[in-house]
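Okay, so here's the structure we're looking at.
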Amino acid sequence: LGIKSLDTSMINEEVIIVAHDLTPSDTAQLDTDKVLAFVTRDGSRTSHSAIMARSLGIPSVVGVGSELIEKAEKEMEIIVDGNSGKVYFNPDQATLDEYNEKLEEYKVEQERLKAFKDKKAETGDGHQVEVVGNMGNLKDIVPILDNGGEGVGLFRSEFLYMDRSELPTEEEQFEVYKEAAEKMGERPVIIRTLDVGGDKELPYLDFPEEMNPFLGYRAIRVCLERDDIFKPQLRALLRAGSYGNIKIMFPMIATLEELKAAKAKVEEVKAELKEEEVEYNENIDIGMMIEVPAAVMIADQLAKEVDFFSIGTNDLIQYTTATDRMNEQIADLYQPFHPALLRLIKKVVDAAHEEGKWAGMCGEMAGDKRLAPFLLGVGLDEFSMSAVSIPEVKDQIRNMSLEEAEEIAEETLSYSTAREVEKFLSE
């Protein structure tokens with residue numbers, strides 16, 4: 001039809017992209033030296049393109065609607081403020097001067113934060129936690145290490161399955177996991193098993209049309225039914241575990257039966273590798289994501305079966321508040337500061353500690369410096385986030401005592417609305 005398709009990897013000048021939407025694969029290909037920012041009509045702060053933009057350090061404002069997008073023209077000068085969510089088309093001189101000043105202040109602050117690269121995330125009274133990074137592909141390792149990340153708290157393995165016409169082989173996966181483990185050395189690398197479905201579709205997996213894909217056939221539910229998908233991934237993970245500190249994490253667990261079935265599959269694969277005399281990590285740690293309210297309520301039982309929990313707040317918020325996180329119309333109901341959510345988080349951490357296990361968080365909340373005192377105060381052991389957020393959160397943790405954080409957490413839990421919580425923590 002003569003319609004030109006934009007290949008985002010081929011951009012060769014400094015630009016701001018204005019688009020209806022960007023897929024996760026479009027975003028992954030962006031050259032961070034050339035793409036200075038992007039603005040999209042669709043999406044939300046927790047859509048995968050927005051999450052990936054943060055991991056790449058690209059300012060973005062998403063879900064701005066059609067009216068604004070239609071005003072954009074080629075060669076137009078635009079300011080994108082990823083902190084406030086403001087976008088300026090053809091800004092006047094006063095606005096340009098204001099933002100040039102903000103840019104200088106930002107650079108000075110980034111320079112100050114570099115000092116935290118090699119420092120531990122330790123409170124003034126000696127309580128230490130881990131601050132680690134989320135990643136989607138091997139390119140993300142460099143910014144995690146450059147920003148002082150102490151490991152990988154979430155490796156989103158589904159990006160190995162995207163932009164292709166068939167499932168990746170065991171060998172392809174093994175090479176990627178092995179390289180990640182070797183580059184991280186002794187640092188932990190927590191790899192989440194395939195999490196597709198919901199808003200992440202694979203063209204070569206013929207999933208049925210669903211009324212509510214977020215509540216449907218996805219993540220561990222797919223893997224437990226499909227040995228052709230699950231077993232090659234588990235084999236690759238167990239083999240790569242011999243080359244570093246890899247841990248396996250299951251997503252979307254809602255029942256004890258699912259967790260036990262997934263663990264049984266790991267044991268089955270171990271037995272096969274042993275019989276084939278293939279080297280693998282016999283004692284690999286196994287954890288699970290807490291994303292479903294049902295899992296929170298039986299966290300005391302689940303904790304007996306795993307080595308660790310990681311709280312996936314992006315999904316836990318949407319399932320707790322019955323709010324589709326991709327729907328801009330109800331975005332104000334998607335509340336990270338909701339008192340119910342904060343109580344659920346505390347319940348999970350307490351259940352893990354009761355069994356002598358550790359609890360981390362790999363959702364977007366972990367990288368929000370306003371929430372760091374609360375999370376520290378309820379006893380969270382590990383914070384996993386986009387690489388760019390690591391120095392800020394370390395700075396926040398090092399600037400307080402555990403006693404202070406516990407007092408803040410206690411007061412936070414006394415509030416009854418998200419607005420009160422956000423106001424208190426922001427202050």
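The values are calculated or read from the model by the stated rules, or taken from the named source; none is laboratory data. In this text, all values refer to a predicted model and were calculated from it rather than measured experimentally. We place every Cβ from the backbone using ideal geometry, glycine too, and count neighbours over all the protein chains shown. Heads up: the accessible areas ignore ligands, DNA and RNA and are worked out on the full protein's heavy atoms, side chains in. Shrake-Rupley method; radii C 1.70, N 1.55, O 1.52, S 1.80 Å.
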Can you tell which of 213, 59, 293 shows the greatest fluctuation in a Gaussian network model of the chain with Cα springs below 10 Å?
213
Cut-off under 5 Å, modelled amide H: who pairs with residue 18 long-range
39
Computed from the beta carbon distance with a Förster radius of 45 Å, FRET efficiency for residue 93 and residue 398 to the nearest 0.05 stands at 0.65
Furthest towards positive pole of dipole, 19, 207, 240, structure part the chain, Cβ charges:
240
Of the listed links 139/369; 86/346; 114/394, those spanning more than 22 angstrom between alpha carbons are 139/369; 86/346
What percentages, rounded to whole numbers, describe P(r) for region 229-327 computed over all alpha carbon pairs with 5 Å bin width beginning at zero?
2, 13, 22, 19, 16, 13, 8, 4, 2, 1
In this structure, among 347/423; 117/270; 117/247, pairs with alpha-carbon gaps over 30 Å are 117/270
Carbon and sulfur atoms account, in whole percent of the 1.4 Å probe accessible area of region 361-403, for 37 percent
Rounded to whole angstroms and listed largest first, the alpha-carbon spread of region 111-255 along its three principal axes comes to 52, 33, 30
Using the heavy atoms of the protein chains and a 1.4 angstrom probe, tell me the accessible area per residue for the chain in square angstrom.
47 Å²
Accessible surface of region 191-333, 1.4 Å probe, proportion on carbon and sulfur as whole %:
48 percent
Top of 272, 67, 407 by mean-square fluctuation, Gaussian network on the chain, Cα under 10 Å
67
Over region 115-230, what is the percentage of antiparallel beta bridges among all DSSP beta bridges, to the nearest 5?
35 percent
